[in-house]
Structure formats: C-alpha cells, structure tokens
1. What are the pairs, 6+ residues apart or on separate chains, where a residue within the stretch 424-447 that is of a type in the set (Val, Ile, Thr) and at pLDDT 95 or above has its Cβ under 9 Å from a residue that is open to solvent by less than 70 Å² (accessible area, probe 1.4 Å) and not in a helix (DSSP H, G or I)?
2. Could you please let me know if ASP318 is among the charged types (D, E, K, R) and more than 15 Å from the ligand (Cβ to nearest atom)?
3. May I ask you to list the residues in the stretch 473-484 that are of a type in the set (Gly, Ala, Ser) and closer than 11 Å to VAL399 by Cα?
4. What pairs come up if the first residue lies in the stretch 55-80 and is within 22 Å of GLY161 (Cα to Cα) and small (Gly, Ala, Ser), the second is surrounded by fewer than 24 Cβ atoms within 10 Å (Cβ to Cβ) and at pLDDT 95 or above, and their beta carbons are under 6 Å apart, counting only those six or more places apart or on different chains?
5. Test each condition in (1) within 19 Å of LYS17 (Cβ to Cβ); (2) surrounded by fewer than 24 Cβ atoms within 10 Å (Cβ to Cβ); (3) more than 16 Å from the ligand (Cβ to nearest atom); (4) under 20 Å from the mean Cα position of the chain (by Cα) for ALA37 and report the one that comes out false.
6. Checking ILE330 against (1) within 29 Å of SER90 (Cα to Cα); (2) modelled with pLDDT of 95 or more; (3) hydrophobic (A, V, I, L, M, F, W, C), which single condition isn't satisfied?
7. Keeping to the stretch 137-153, report how many residues are within 16 Å of ASN189 (Cβ to Cβ) and not small (Gly, Ala, Ser).
8. Being surrounded by 15 or more Cβ atoms within 10 Å (Cβ to Cβ), within 28 Å of the chain's Cα centre (by Cα) and of a type in the set (Asp, Glu) is the filter here; which residues of the stretch 205-244 pass it?
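The values are calculated or read from the model by the stated rules, or taken from the named source; none is laboratory data. Computed from a predicted structure; not experimentally measured. Note: ideal-geometry Cβ built from the backbone for every residue, glycine included; neighbour counts use all protein chains shown. Just the protein is used for accessible areas: all its heavy atoms, side chains included, with ligands, DNA and RNA removed. Shrake-Rupley method; radii C 1.70, N 1.55, O 1.52, S 1.80 Å.
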Amino acid sequence: MTLSLASVAVLGSRNLKIPAYDRKAVSIGVVHFGPGAFHRVHQACYLDDVLHTDPRWGVCEVSLHSTGVRDALMPQDGLYTIAILDAESSFRVIGSVKEVLVAPESPAAVLDRMVAPTTYIVSATITEKGYCLNKEGGLDFSHPDIAYDLKHPETPKTFVGFLARALRLRHDRGHEPFNVISCDNLADNGHRLRRAVLEFVRSSDPGLADWVEKEVTFPCTMVDSITPATDDALRARVKDALGVEDLWPVQREFFCQWVIENKLRGPQPDWASVGVTVTDDVAGFERAKLRLLNGAHSTLAYTGSLAGYETVSAAMGDTALATFVRRMMIENIRSGLAAPQGLDLDQYIEAVLRRFRNPTIRHLLAQIAWDGSQKLPFRILPTIMENLAAGRSIGRLCVPLAAWFHFIRRMTHAERQIMDPLAAQLSELAKRCTGAASDVSVFLSLEKVFNTDLARNVTFRAALENAYARLSAVESPAQLGEALNGIEA
Ligand code: CS2
C-alpha cells in the first residue's frame, strides 16, 4: 500500500504526525518553484503547520525541469513524509502540496496559477544557478534560457521569465502583485532577484518596469535546515515507520529556521504562529548562516573529500579537521560579522558544529560539493575580500578554495562527472593542471568566479598557493591533518 489520503487515515493510529485539517478545504495561495528536498522539509512544512488554522495556504509546486516530483507525489494525493532524524527521531506526513506542475509541459497552467488573484506568494528554491546571474550580480543576458525567454515571453523557461510574464498578466487584469520570496542561499537573495527581474522587464517590457519597481515586494530571507538527499535507506526507514510506501520521502535534522524580511504585502500566513521570524534585519541572520554554516560546510566538503571522508559527521570526527574548521569560523569569519539582535555568534558557531556532528544524519560531502562555482562566491569569497580590505588574515579561508581546485582536478583526471554549471570550463582548466602551485593561476583565470582585483591580489595569491601546495598530496586523514597544521591563520 502506498501513502495516500485513504491510507493516511489508517496511519493515524501510529506515533506519527499527519495532517489534522480538511485537505479538501485547502486552496492554493502559494506557487513555489523548485520542489526539491529542501523546500519540502522547510517551507512546505511550515505551510503545513499554517494550514491547521488557515486553509488559504496550499502550495502549487512548479518544476522547471523534471517530472520526478510530480510523478512521485500526485499518485500519493500530494502527500509525502518528512523523517526528522535527530536525538529523538520522528516522522510526519505533509499535506500542503495540492498540485505539482511541470513547467515545460504546461507553461500556461503555471502562469494561470501565478495570475490567480488568490495566489499571494510566489517563492523559489532553485539553487544559486537558477537565478541566471552574472558575477556582478546582475542578470546574465548571455544565459541561453534568458535569451530564449526574452524572445518567447509567453512560454518562459526560467523563474525570472515566469515572474516577468505573470506580473504583466496580473497588471493587465488589475490584480495586486504577489509577494516574491526567494528561499535560496544567496546573499541579499530578495534584492538580487528583484534586480534580475527588473533588468529582464526593462529590456523586454519597459512599460511594466515602473509598476514592478513600485508595487512588487521581494523580501530577503534566511533559510536553514540540514537536508541530506533521499536515499533507499530513508525509503526503507519510512516504510517501516509508516507501514506504507512513500515514493519520495525527505529527511532533515530537527533544527529548522526561516527568517523573512518585514516587507510582505497583502494577505499572509500567520508566520509567527508557526515559528517563522519576520524582521527588518535579515542580513545579519543571513550573513551569519551563509558564511559560518555554509562556509564551514563547503570547507568540510572539499577537504574531507580529499582525505577520503564520505559524510559531514565522519569529517567532523577528524579532530584536526574539526579543530581547523572551528578556528576558521571563530578567528577568520566571525570577526567580520555583525550579530543581529538576539543572535549570539559564539553560541551559534558551537550549535552549528553540534549539528554537523549529528550521527543520525548521513549528509554526503559529495552533495555539498556540487555547484562550487555558484556557492563559493557567496560562502567564502566575500569573507576573504572583506578580510583583505580590513587587514585580517585569510590563510585558513584559502583552504576551501585550494581544496576545491584539487577536488576539481582529481575528478577531471579520474574522468568523474563534476556537478557544476561551469563543469566544462572547470574540466578544461583542470586538464592543464599538475598539482603544482602554478595551477592556482590557471583556476584564478575563471572570470565567472574570480574578479580581476581579487585574482591579482598578491596576498591572496600567496596564501592560496601555499594552501594549494600543502593540500596537493592529501589522500588520507593523517596527510590532511599534517597539511592543515601548517596553515597560518
Ligand atoms: C549545504 C546546504 O548542500 C549544501 O551546499 O551547505 O544545503 C546546507 O545543508 C543548508 O544551507 C543548511 O541550511
């Protein structure tokens, strides 16, 4: 038996949280692009909580590329399971997904949902690459999908293209605009998305630009919950816990946080009632999370992979590596952060490290290692540039970059697939590399990642070449420990 409205009624007898609201009464108030695991453990879970008191906040999921989530969830009446794996593990069935659309199959159906006057929120978890930004933070007009959308505004392929078209239609029908909420790990995610949409609209539909600029709100957000990819072990664990099969369950740690900038308009869920923080100071929360948690994650991903570790918790079991990461967070990243009201950065760092050590979460370093060219410019490079400008040290901060270079070089020479939008360019560069310090100049030539000023900075190059040389022969934990011990602050 698979998970469905019929079977979930039977499940109620187990130690399991199931939707305790009338799903037939739920209407769609949110259109969300990117129904991946993170969205389903995070925003969709918060909205499931909201639906217990307010039926207006069902979700229409939109997949921009694949049919997998639609094919898994719709036979289950949109239901799926979250396994919350921590000291105390639990399971809950989520009912907030009312519909899953596959944009390439039916762009018109997606636009109809976005234009519906009862749609008050259009949100996204499309990962950094989904915004089609250039390294200056503006819209990448050379991106093939953006170029397509500018020529075919009625059948867009990108999130930006769908937003532009839907806002034009809402404007023409006299509907108030929806709130546009980015839920991705980008610094200033709302501002960046607003800039991209305005640049798109100004070039394709200038008559709409003023209305978008004045009337459409793009709050910034910070989102956080560690969410390993779904695997067969999870499917088996969920089947054992529920007694029915879930075609696509998801998993996360107990910790879950959502901070939204206080600039939402029109009808909204009662965010505070479900633990969402609405505040004017999102930037403080977002920088702390992006640079401390995600910066440490990427450091563990690449250094841990070089040493042969497979998961975050295993890498954190390496005393030398865990000590290095903790010192980098405290001495090299924290120093440049302004704590938002209510957040103690020292306690936050220790809490993040405890979360990383969670033995019940099998978070693959290989998953975190994806899309390094899109992640590191938000997670590591801003801290390096600010530390250089302030005269603070960058030695340890060059380690994740150097480890990324070695990771790319080794994947290329082993002819293993690199998961990154710039995989082709990265492989071409790596083929010219031998493991010698001169490789650093080759990688720094990647203009889509490194700006010219930074690439030419003598202090940066020296620190990066030193870290690269020390990591060059690392293939074991012992060798990693020796390499890290030699890295100056
Ligand atoms: C991770 C993030 O995969 C990655 O790059 O660093 O997905 C991380 O697990 C989340 O941002 C935690 O909130």
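1. Matching pairs, first to second residue: VAL442/CYS433.
2. Considered against the rule, which asks whether it is among the charged types (D, E, K, R) and more than 15 Å from the ligand (Cβ to nearest atom), ASP318 comes out as yes.
3. Correct list: ALA483 only.
4. SER63/VAL69; SER63/VAL102
5. So ALA37 meets the others, but not (3).
6. (1)
7. Going through the stretch 137-153, the residues within 16 Å of ASN189 (Cβ to Cβ) turn out to be 137-139.
Now restrict to residues that are not small (Gly, Ala, Ser): 139.
The number of residues fulfilling the criteria is 1.
8. Correct list: ASP224 only.
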